[in-house]
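Below: one structure, written as structure tokens.
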Amino acid sequence: MLLVDISYIMVCISYLLLLINDNNNTFSLIWIISLCILISLLFLFNVRNKIKVLSNKNIRIIFIYMLLLFVVYQLLNINYWYVGESLKVVIKNFIVIVSICLITSYVANKKCENKIILITYLIISIFTLYTYFSNFDNFEGVRQIMSIFNNTSRYRNSYGLSHYNTMGLICYISLILSFYIFKCKSYNNLIFNITMLILNFIITVVLVSTASRAAITSLVLFLLIFFTIEFKKNLKKRKYLSWFLKFLWLIFFMVFCSELIKYFKNIDLSYIINDTNRLSNYTINIPILFSYNKQLFGIGAYWPALYMMYGGTPYLDSWYLYMLITCGFVGLTLSIIFIIIVAYYIFKNSKNTLLSTFTKSLFIAQLYYSVFESHFFTNSYIDSFIFWILVLVSINYKKQ
């Protein structure tokens, strides 16, 4: 349906508008309205074509678990000091989960995951180009590329977005999506491929200029995992070569570990941890749970001023820490169980398809990225939105 495609484009654009200023009420309203329109169109599509949305057992289990963890649990554990703001978080979670479920059903039914990935990539890329050239810095980030991992002297530019890491995020997800497009070869056109290469070069320049270490290392991790899985699949028909290469990998791993141990003996780990600007998230926020006797169930749904009121930091730069602070040790345990369930469905009965390999690699990369940012599941970031659509579509295909 053309209307569904247009509505999905509007949702992606509204997600990107939120990255400019997530506190802008107009942008938030556009985002909510676009999601509701998309949900309505998808509901009509399913009714018209008599499609059962939750016919897949695995998808049904994940959907119910997401509702229980991110809606029901947080609703029962709401913070009564800021009821209105906490309710907003719960309602947004519900809308996003429902939309993800309906889009998954639509994509699986139409088998249009390639088109959805292409649309998402093009929207993010055009948005990135616009923000980059609107705030052009004369390639200053490239000139200072060697200082990316130096916290005191690195050059950073957010190019008009709310934060440097936010810009790094959309570059990271854009490059990953482009990698899938190149590999699927559905658009095997010379002009198209050259255009994508130019786009990706510019996006890489932007990524370097943001100096977002979480985004850069997550991208590298994704590529390493993807090529490792692909390499392993190609060796299945060559058992002797496979065992020989495994032996070489084992030797390399042992040498690497020994050199790593020597390296860590000669450096100050406490300095490195402090240099990442993430330590205060743990040293300040975790004691709050115990000070207010909230360690079991947490202090309620996220809102920045809520933590400032308790004496915490304005932002929680880790999804695992976010779940611990908002939902307590009970919620964090439920979150770990949720990750295990999703991982089980992703990796079990694995088929040698591009989408399967891509999803596995992206899943592990997102787990890693969520150590530094609260993005494994969040209602307001486009990477989480497209990530869960692709994960559920992949699981749906495996079940079939």
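The values are calculated or read from the model by the stated rules, or taken from the named source; none is laboratory data. Just so it is clear, the structure is predicted and the values come from calculations on it, not from any experiment. The protein model used for the area step is the full one, side chains on, heavy atoms only, and it has no ligands, DNA or RNA in it. Shrake-Rupley method; radii C 1.70, N 1.55, O 1.52, S 1.80 Å.
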In what sequence, largest accessible area first, do 341, 124, 251 appear using a 1.4 Å probe? 251, 341, 124
Relative contact order computed over the range 1-138 (Cα-Cα under 8 Å; 6+ residues apart), in percent: 28 percent
Counting only C-alpha contacts under 8 Å and six or more residues apart, can you give the relative contact order of the range 61-183 as a whole percent? 21 percent
Just to verify a number: what accessible area does residue 217 come out at with the full protein assembly present, 1.4 Å probe, Å² rounded to tens? 40 Å²
